[in-house]
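Shown next, in structure tokens, is the structure this report addresses.
The values are calculated or read from the model by the stated rules, or taken from the named source; none is laboratory data. This one's a predicted model, so the numbers in the text were calculated from it and none came from an experiment. No Cβ is skipped: glycine too gets one built from the backbone with ideal geometry, and neighbour counts run over all protein chains shown.
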Amino acid sequence: MNQLYNYIEKFKNTKVTVIGDIMLDRFLYGDVERISPEAPVPIFKFTNEKVMLGGAGNVAANLATLGCKPTFLGFVGSDTNGEVVDTLLKKVGSHSHLCRLLNYPTIVKTRYIANHNHLLRSDKEELLPYIPELLPKFYKLVKQAVRMTDIVLLSDYNKGVLNKETTQMIIKICKESDVPVLIDPKGNDYSKYKGATLIKPNVKEFFDATGIKLKPDSPDFNEDLKKGAKLFFDNYDIANIIITLSEHGMVYVSSKNIDDIVKIPTVAKEVFDVSGAGDTSLATLGIAIGAKIPLTQAMQLANFASGIVVGKLGTATVSFEELKQKLLQKSKNDVEIENKKFVDISEAKRIIKSLKKQGKVIGFTNGCFDLLHRGHLCSLMQAKKECDVLVVGVNSDQSIKKYKGKDRPIQDQNTRALLLSCLEFVDYVIMFNDDNANYLVEELKPDVIAKEGYSIENWPEAQKVLEYGGKVVTLNRIEGYSTSQLIKKIKS
């Protein structure tokens, strides 16, 4: 994994060109609290809006956040939305050549999101018409871009930019300059991709093109894969194929050795929103291959990046720092991997701020957790059900001795923190020295606080949470389980 970490440093010196269907993604956020009296439909109460680059534009945005300065070629309308797309490309740092067309609307996809749930999507689009007189200008732009790039990515959303003539023109120019072409395809006519270096369909697209349904957990998976891949290799002279398998990761086959199948498992722990995950995968694969990183390692990097982006809300990108941090965490041994959950106050604040921007609900509980037992596990599992991310505050050895005596704790603070961090339903562990966790609550401002055995008047941390509008949950206690009882039993 250290090797992967070292590889991504090459991203900054890699030149990538993106060509494809660009669009504007609008996200309208609001709340739904009642059903309309006029019809059985929810009433959407708008609160705020966010606009982002969509389609091939999101590939360029991901490339920019991963550290390179991409070049983008595409078409938009001569309208306000086209101007917004142009501004957003400049904002992310992409060097772009946008052809502005009269009587053609910029593609806009508007998503209505209520309480973190997609309610509706509205598309405004027209297929790009075939305009022969634009081809010489487009040819010139592609030729110029290919001369100064390490790889070309074609992001096809089947909106008209990458028709058979333009796609074959691009592939031919790339071959003449010995520049690889990586394609995210659409539709079932793969003749337009003939001669591509690599195509990256998903399972459905693979089925649409071959009629072969891949089942990753089937014993016939490898044979079905090879059978379908051979169709691509023989009929379309495609050199390599990567199929994305959703929660099963991705798999690679080369025309040079069809029996040498490389399968990479997914690394996503929680899927919050899959919007744009394919764009992130294409961008990461593209920049890695352009940087001359071996294909297996390029796939691993793409999987890590996709695993990060599906944990975000809306069409999202992955930054170089996020990917670097993910790789650093994975490079540790098993114990150290769990210890990544053990954070200090400054790191916890940074993490929680980022998570809240993604729409995550932050939960908090605290305690000594001296001899971890069933009662603790029951409480922690209940607390996790109230939130997306559970932060556990742990009393330090010093604070426990203050009110439990010199013989406690039985286990030191590092051991207790490590045991908690090994639990699947605990996301972060933070130590505190005070008699209570008021300071942590004030600094972290969790959305939910949960604990067993305390009434509000005797629960100072809960009072703090209520002050700023958070939620307080009293957990059910399993009787007969406590550290004191365990100690008594051991002594007897």
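Only one of (1) at pLDDT below 95; (2) closer than 29 Å to C68 by Cα; (3) in a loop (DSSP other than H, G, I, E, B) is not met by A196, so which one is it?
Every listed condition holds for A196 apart from (1).
Could you list, in sequence order, all residues of the range 297-340 that are touching a Gly at 6+ places or on another chain (Cβ under 8 Å), modelled with pLDDT of 80 or more and hydrophobic (A, V, I, L, M, F, W, C)?
F320 - this is the single residue of the range 297-340 that is touching a Gly at 6+ places or on another chain (Cβ under 8 Å), modelled with pLDDT of 80 or more and hydrophobic (A, V, I, L, M, F, W, C).
Select, from P185, P216, the only residue that is at pLDDT below 90, surrounded by 15 or more Cβ atoms within 10 Å (Cβ to Cβ) and not small (G, A, S).
Result of the check over P185, P216: P216.
Of the residues in the range 357-366, how many are surrounded by fewer than 19 Cβ atoms within 10 Å (Cβ to Cβ) and in contact (Cβ under 8 Å) with a residue 24 or more places away in the chain?
Within the range 357-366, residues that are surrounded by fewer than 19 Cβ atoms within 10 Å (Cβ to Cβ) and in contact (Cβ under 8 Å) with a residue 24 or more places away in the chain number 3.
Please go through the range 145-158 and give me each residue that is in a loop (DSSP other than H, G, I, E, B) and either more than 25 Å from the chain's Cα centre (by Cα) or hydrophobic (A, V, I, L, M, F, W, C) (or both), ordered by number.
Narrowing the range 145-158 to residues in a loop (DSSP other than H, G, I, E, B): 148-150, 156-158.
Answer for the range 145-158, where residues must be in a loop (DSSP other than H, G, I, E, B) and either more than 25 Å from the chain's Cα centre (by Cα) or hydrophobic (A, V, I, L, M, F, W, C) (or both): M148, T149, D150.
Report, by residue number, each residue of the range 425-457 that is acidic (D, E) and in contact (Cβ under 8 Å) with a residue 12 or more places away in the chain.
D427, D434, D435, E442, E443, D447, E452
Could you say which residue among V391, V441 is of a type in the set (V, I, T) and either surrounded by fewer than 19 Cβ atoms within 10 Å (Cβ to Cβ) or closer than 25 Å to R374 by Cβ (or both)? Don't jump to the end; show me each part of the working.
On the way: V441 fails: either surrounded by fewer than 19 Cβ atoms within 10 Å (Cβ to Cβ) or closer than 25 Å to R374 by Cβ (or both).
One residue alone meets the criteria, V391.
Could you grab me the full set of residues in the range 24-71 that are surrounded by fewer than 24 Cβ atoms within 10 Å (Cβ to Cβ), among the hydrophobic types (A, V, I, L, M, F, W, C) and closer than 19 Å to C99 by Cβ?
L24
With the requirement that a residue be within 30 Å of D388 (Cα to Cα) and either charged (D, E, K, R) or modelled with pLDDT of 90 or more (or both), what does the range 115-140 give you? First the steps, then the outcome.
Step one: of the range 115-140, the residues within 30 Å of D388 (Cα to Cα) are 115-122.
Once the filter is applied, which keeps residues that are within 30 Å of D388 (Cα to Cα) and either charged (D, E, K, R) or modelled with pLDDT of 90 or more (or both), the range 115-140 yields L119, L120, R121, S122.
Regarding L134, is this residue more than 28 Å from the chain's Cα centre (by Cα), surrounded by fewer than 20 Cβ atoms within 10 Å (Cβ to Cβ) and closer than 17 Å to L98 by Cβ?
Considered against the rule, which asks whether it is more than 28 Å from the chain's Cα centre (by Cα), surrounded by fewer than 20 Cβ atoms within 10 Å (Cβ to Cβ) and closer than 17 Å to L98 by Cβ, L134 comes out as yes.
Any residue at all in the range 386-405 that's at pLDDT below 85, touching a Phe, Trp or Tyr at 6+ places or on another chain (Cβ under 9 Å) and more than 30 Å from G30 (Cα to Cα)?
Yes, that holds for at least one residue.
Do you know which residues across the range 76-97 are in contact (Cβ under 8 Å) with a residue 60 or more places away in the chain and surrounded by fewer than 20 Cβ atoms within 10 Å (Cβ to Cβ)?
V84 - this is the single residue of the range 76-97 that is in contact (Cβ under 8 Å) with a residue 60 or more places away in the chain and surrounded by fewer than 20 Cβ atoms within 10 Å (Cβ to Cβ).
Which ones in the range 173-221 are aliphatic (A, V, I, L, M) and out of contact with any Leu (no Cβ under 7 Å at 6 or more places or on another chain)?
Scanning the range 173-221 gives I173, V179, A196, I199, A209, I212.
Could you grab the pairs with beta carbons closer than 9 Å, sequence gap of 6+ or different chains, first residue in the range 235-259 and on the phi > 0 side of the Ramachandran plot and in a loop (DSSP other than H, G, I, E, B), second one surrounded by fewer than 17 Cβ atoms within 10 Å (Cβ to Cβ) and polar (S, T, N, Q)?
Close Cβ pairs satisfying both conditions: D237/S255.
Give all pairs with beta carbons closer than 8 Å in which a residue from the range 112-127 that is in the same structural domain as L24 (by TED's automatic domain parsing) meets a residue that is surrounded by 14 or more Cβ atoms within 10 Å (Cβ to Cβ) and small (G, A, S); count only pairs at least 6 apart in sequence or on separate chains.
From the range 112-127, the pairs are Y112/G30; I113/G30; I113/G314; A114/G30; H116/G359; L127/G160.
Restricting to strands (runs of 3 or more DSSP E) lying wholly in the range 35-104: which have 2 or more residues that are in the same structural domain as I19 (by TED's automatic domain parsing), within 14 Å of I22 (Cα to Cα) and small (G, A, S)?
Result: 42-55, 71-77.
Given the residues A348, A437, A383, which is the only one that is modelled with pLDDT of 90 or more, on the phi < 0 side of the Ramachandran plot and of a type in the set (G, A, S)? Before you say what the answer is, go through the steps one by one.
Numbers: A348 fails: modelled with pLDDT of 90 or more; A437 fails: modelled with pLDDT of 90 or more.
After ruling out the rest, the residue left standing is A383.
Only one of (1) in contact with a Leu (Cβ under 7 Å, 6 or more places away or on another chain); (2) modelled with pLDDT of 95 or more fails for S96. Which number is that?
S96 satisfies every listed condition except (2).
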